[in-house]
1. If R₀ is 56 angstrom, what is the calculated FRET efficiency for the pair R207 and I12, using the beta carbon separation as r and rounding to 0.05?
2. Return the sequence-ordered ³J(HN,Hα) values of the range 447-463 in whole Hz as given by the Karplus equation 6.51 cos²θ - 1.76 cosθ + 1.60 applied to θ = phi - 60°, using x for Gly and Pro.
3. What's the FRET efficiency of E293 with V191 using the Cβ-Cβ distance as r and R₀ = 45 Å, to the nearest 0.05?
4. Find the centroid of the Cα atoms in the range 504-547 and in the range 607-654, then give the distance between the two in whole Å.
5. On a 26 Å Cα-Cα criterion, which of the cross-link pairs K309/K470; K450/K470; K556/K588 come out too long?
6. Enumerate the residues in the range 508-532 having an amide nitrogen under 13 Å from the point lying 7 Å beyond the Cα of A560 toward its Cβ.
7. Taking R0 as 30 Å, what FRET efficiency do you get between D586 and H545 from their Cβ-Cβ distance, rounded to the nearest 0.05?
8. Amide H to amide H under 5 Å from V527: which residues, 5+ apart in sequence or cross-chain, H placed 1.01 Å off N in plane?
Amino acid sequence: MSEIPLLKELAIIALAGVLVTALLARLRLPTVAGLLAAGALLGPFGLGLVSKVHDIEQLAEVGVVLLLFTIGLEFSFQRLRHIFRRVALGGVIQVLSTMAVTAGFALLFGESLPRAVFFGFVVSLSSTAIVLRAMADRGELDAPHGRFIVGTLIFQDLCVVPMVLLVPVLASGGSAGLVASQIGIALGKAVLVVVGALLIARLLVPRLLRWVDASRSRELFILALLAICVGTAWLTSLVQLSLALGAFLGGMVIADTEFQHRAMGDIIPLRDAFVSVFFVSLGMLFDIRLLFEHPLRVGLLLVGFVVGKAALAALSAAFMRFPARAAWLAGIGLAQFGEFGFVLITVGESAGLIDRGSTNELLAAGVLSMFITTLLIRLAPHITAGERLLSGLTRLLGVRGIEQAEQPEKLDQHVLVIGYGIAGKLVARALETCGLKYIVLELNADTVRKARAASEPVYYADATSTEVLKHAHVTTARAVVVLINDPLAVQRVTDTVRRVAPEVPLIIRTRYLGERAALESLGASDVVAEEVESSVEVLARVLRHLEIPRNLIESKIQQAREDLQTSHRKITLPRALLPDHKALADLKIDSMLVTPDSHAVGRTVKELDIRQRTRALIIAVRRQETLLDHPDPDLPFAVGDVIYLVGLTDAVRQAIDLLQGIEPTKRAADSEPPTTDNP
């Protein structure tokens, strides 16, 4: 039997990918880095275990198509508009500045203008997979620098599509006028394709997917997804546009339907398999010999990624009026080569714009930058030198902080709230309702601007600064409440507050219980861990749903708090409705309006003796606008009263009959069918 093509190579790739990735996972390095390392180990510049590199690269192109298809699934046309408004400016500054500087250096070293622009494309992109994984692991996605990084990465992902579109135009050469006209034609084609995709999304695809979904076949649904992905890619190739653009548009078409999340769940396993092959194939491009043959060039390129890209990204964040610390961390977070840079290099080689030899050093430096990114992100919060370098620029470009703001009065016996997210707004609203003075320090310039427009005492300021806390009169504050999402910044705030105002109560909200000990050692008065409070709430809701008696639920909650986190807050449980108790499912709650001809008019609960005669219970009476939840047995009923009863169905019906003046025995006799005596 003949050997199946690529079977040995795929088996080796899968085995090596698992082993290397598992090893690097123990070192807390991302999966992408493990796949790249596996490729470098297996490729022609490593052990040479995979010989059919070209065939593997062709298979990897399927991974590129699926990767862009799933990215399109995350960006519906509506979300695209929303994201563009929010992150376009910061992304434009970062991408264009990096492109310009890279192209300038490329021209300086003798590259042609099209190739220089292409290298600018490649270097301007960062690794979405690596950075977002690292930020999520550290719980910093909602921190100021995390928001800037996420927004910029989204914008970079969007830029991949026009970049891929323009690579063949750059490869065609010609005069500036010819290139401009070709770019215009290409963009015109792209607009027509996008408009066509939008029409298809509204008219055809939802009907097709509903028809497929009606078959209740998962295999058929996945096949339909592949048909849309490959079909749109093929259609764009017919008008000389890239397969990647078509795949991206195919994903966006489905993203505008109700099948978006199902499509993502079904296609991700297939995508991950092919994308893994893609990253392994990229790792095969890494030539370790270059580190010894051209150490200076590889080293300079690596410095360009780690230092140059970090500086440009940090300046972009500073121009967006982020504080020095956030700008510094954002710069470090974006200082690496991106996986889509590999995609562009593959496209550039296919278009004939570059050759494999001209990108070897760039790829080597890029792979190394991706390896060290996680270490840099971990170390950056502890390095304050970059923050100090940026502090002067952020003072020139930033919004007015609390130290520049005019304060209407000398603050005294106020509450200092640090952070104005959901929790900060809730605390501020409660303080205002109670008539207590407070001010808020916040690092999101947009949030500050909106709050100041609403005349709220919110100031743009970095609470890790001693000067800022002094301007906020922290020494005369009644309490300081810290509600920010950057764990290391929380520790720095705690340390600074304790040095400036050692006696002021300091209440801190943190994400994980494991962070409490460190904060308490720094002087925190009280630390509330989100994971404990949310866990206790889940515990209460689960036990209530299982109809556990209230006293046992309270006992379990008290035990959980004693084990994890003490709290003087009153134990509250979700309100239980009568239908929620399955054991009481036969009980019925009903009501009756007392009319002028009702038997109940002028009579009391005691006189009617409803409980003994029917076993139903009068639980409340509504008289006009007042609810009597414990009616007096000697209170006579009046016309217009609404009487609420609870009991079994027959009991409640008999009670209503009595209140109306119908004897239960008569109703029962009237309802019985006639009988005939036997002769």
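Bear in mind that the values in this text are calculations on the coordinates, not laboratory data. Just so it is clear, the model here is predicted, and its values are computed rather than measured. In this analysis, Cβ positions are derived from the backbone assuming ideal geometry, glycine residues included, and neighbour counts consider all displayed protein chains.
1. Computed FRET efficiency for R207 and I12: 0.80.
2. 4, 5, 4, 5, 5, 5, 5, 8, 6, 9, x, 10, 10, 7, 6, 9, 6
3. So, using R0 = 45 Å, E works out to roughly 0.45.
4. That distance is 45 Å.
5. Listed pairs above 26 Å: K309/K470; K556/K588.
6. Output list for this probe position: 530-532.
7. 0.90
8. I508
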